[in-house]
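The block underneath contains the structure these notes are about, expressed in structure tokens.
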Amino acid sequence: MHRTIRAVLGYTRDDFKWLLPVLAALVLLCEGLGLIAFRTGDPGDAPLLVVGILLGMLFLVDAILAIVYLSVQFSLFLSFSSTRQGLVAGILLHCLRLNLVQLVVALAVGTVDALVRRFLTGYGPFPWEWIPWLIWPAVLLLPLWVGLFLGGLVQRFGVKGFWGAYLVFMLGTTTMSQWVHPAAELFRPLGWQMPVAALLVLLAALTALGLRWMRRATVQ
């Protein structure tokens, strides 16, 4: 298992060669949007826009990478007589280090942006002053969970499983206005502890299910 993890981490090390240009392009895009907001809208919203959009884009990139690695790349690695547990652990560690580098870059960009704006305008909030602390671990870890579950779904049911999950996601998000308020009223007497506990149990169950499917994956 440890040998497989080291092999996966060594094989995927070259990903950093394309990660840095992608990060640079995203940073330039967000800074451009921030400059537009500064010139046409409320200047106080510009620094929030830069870091907020950057974190959102990084979350999307991280989730896509995790899904690709734990579905397509996992099947490729599995054909080289690798252990399933080592592959899952190695891919998750690789995605984690990619996410960590991107979060550090986002934090550095937000800090430098805030310092420049404070120097020029006298106002520029640092990222940790306005971003809730839960956002940082969520951006770091949630893409790994998405990749693990969807990757396991693909390993168990093929591409049909992915598109089925995507359909459920789209139906849930597009009809959110119809079920969010009734659900909130239903759980209101229970307080916030019960829904949070139920959500954590659901996440744990789906994680265990995804791991089970990954451990039983076969060479395609």
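Taking the dipole about the Cα centre of segment 2-215, with the C-beta of Lys and Arg at +1 and of Asp and Glu at -1, give me whichever of LEU20, GLY90, THR111 is farthest to the positive side.
It is GLY90.
Net charge within 14 Å of PRO195 by Cβ-Cβ distance, Lys/Arg positive one each and Asp/Glu negative one each, not counting PRO195 itself?
Local net charge: 0.
Using the Cα centre as the reference, give the magnitude of the dipole from point charges on the C-beta atoms of the chain (Lys, Arg: +1; Asp, Glu: -1; all else neutral), rounded to the nearest 20 debye.
960 debye
Students often check this: by mean Cβ neighbours within 10 Å, which of 4-13, 55-64 ranks highest, and how do the rest follow?
The densest-packed peptide leads the list: 55-64, 4-13.
Averaged across orientations, what area in nm² does the convex hull of the alpha carbons in the chain project?
14.8 nm²
Could you work out [θ]222 nm for the chain from helices alone, using -39500 (n - 2.57) per DSSP H run of at least four and dividing by all its residues? Round to the nearest 500 deg cm²/dmol.
-27500 deg cm²/dmol
Suppose R0 equals 30 Å. What FRET efficiency, 1/(1 + (r/R0)^6) with r the Cβ-Cβ distance, do THR40 and LEU167 give to the nearest 0.05?
Computed FRET efficiency for THR40 and LEU167: 0.20.
Measure nothing fancy, just the Cα-based angle from helix 135-157's long axis to the longest principal axis of the chain, in degrees from 0 to 90, nearest 10.
30 degrees
Since every read-out is calculated from the coordinates, none of them should be taken as a lab result. Here the structure is a predicted model, which is why all the values come from computation and not from measurement. FYI the Cβ positions are ideal-geometry reconstructions off the backbone, even for glycines, and counts take in every protein chain you see.
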